[in-house]
Amino acid sequence: GGGRWTLLDEEVRTRARRALRLVADLREALARGGVEVHYQPVVQPGRPARLRSVEALCRWTHPELGPVRPDVFIELAERANLVPALDAHVLQVACHDLAAWRAAQAAGDLPVSPDHVAVNVSAVSLAADGFAAGVRRAVATAGLQLSDLCLEVTETALASDLRACRQVLEELRADGVRVAIDDFGTGYSSLAYLKDLPVDHLKVDRSFVRDLRSTTGPARAVAAAVVSLARTLGLGVVAEGVETFEQDAVITDLGCEAVQGYLYSRPLTRQGLVEVLRGGG
Ligand code: C2E
Ligand code: CA
Ligand code: CA
Ligand code: CA
């Protein structure tokens, strides 16, 4: 009845207001450096597991609402065209931090440091004018090389503006940037164009890893297919979202050379990661 509609209407309006408010707050947080970067170790499995690299993941704590999940605020940021600024911020911080860990290692203050840092790049960032220049600037400002950086892009990003994206990635990759396809297997069936893409690694999506069991099953078949596809194409494979010993055993068995997940480490603050590095990675 009429009352119900009014209620729904009210609810929609409240939600829209809340979204607008969040966007404004996010814009301000970005301007003030209030968006933080956490780092999740990517390891080479084994005993002991060895740290290879870290993935930079953005974190935002709203002054009143508390922590807001990245997938929530990134969707908002996408609609408000804030994603290029967000990605650029994370990139700069990540380069700065990697350079600091390297310097600490060189000074003998840390026994190890990550081989490289991976940052997530949205399709809109990749397609924006000046993206490649921004990457070069961030890397140079930190005193790093392009080979210290991996860009994680999704299949959807690549499919949305394939030509432009491919060109940018090719150009950066020629100068050493690594490129990973994130959430592999969840987007467009990209097998046809995969062979032509400027890509170094595939990241097996968490949804496939989650259902991995020692016994054969569909999830295992998918993971096995991704690993063997990567092999055939000469690409590396990283499994994300490894939470249990069983998943770890299966994925390692399949020949996956790098894993990332709560079993090894949750995303850590900069200081938290330093403690891991202090312990030898
Ligand atoms: P993603 O790139 O697939 O990142 C992996 C997500 O899985 C992260 O969620 C991470 O915390 C989570 N994760 C890692 N290991 C495990 C595990 O063992 N179990 C479970 N349940 N989860 C695990 P997070 O940090 O919430 O990020 C969500 C997504 O937001 C990311 O997914 C990425 O697509 C996006 N994102 C994060 N930071 C950035 C950024 O700086 N720029 C852009 N454009 N996107 C970002
Ligand atoms: Ca990622
Ligand atoms: Ca992923
Ligand atoms: Ca994801």
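The values are calculated or read from the model by the stated rules, or taken from the named source; none is laboratory data. Small disclaimer: the values here were computed from a predicted structure and weren't measured. Cβ sites come from the backbone with ideal geometry, for glycine too, and all protein chains shown count toward neighbours.
List of remarks:
- Of all residues in segment 70-99 being within 27 Å of S147 (Cα to Cα) and charged (D, E, K, R), the one that is farthest from ligand 3 (Cβ to nearest atom): D97
- Residues satisfying the stated conditions in segment 245-281, i.e. closer than 27 Å to G234 by Cα, buried (at least 18 other Cβ atoms within 10 Å of the Cβ) and β-branched (V, I, T): V250, I251, V259
- Unmet criterion (only one of (1) at pLDDT 90 or above; (2) small (G, A, S); (3) more than 15 Å from ligand 3 (Cβ to nearest atom)) for A180: (3)
- Listed by first and then second residue, the pairs with beta-carbon distance under 9 Å, at least 6 apart or on different chains, first residue in segment 113-129 and within 13 Å of ligand 2 (Cβ to nearest atom), second modelled with pLDDT of 95 or more and among the hydroxyl-bearing types (S, T, Y), are V117/Y39; V117/S53; A118/S53.
- Taking helices (runs of 4 or more DSSP H) as the structural unit, those lying wholly within segment 126-229 and holding at least 3 residues that are within 22 Å of G261 (Cβ to Cβ) correspond to 206-210.
- Of the numbered criteria (1) more than 16 Å from ligand 2 (Cβ to nearest atom); (2) under 29 Å from R50 (Cβ atoms), the one L149 fails is (1).
- Residue in segment 40-60 that is away from ligand 3 (no atom under 16 Å from the Cβ), within 19 Å of P267 (Cβ to Cβ) and out of contact with any strand residue (DSSP E or B) (no Cβ under 9 Å at 6 or more places or on another chain) present: no
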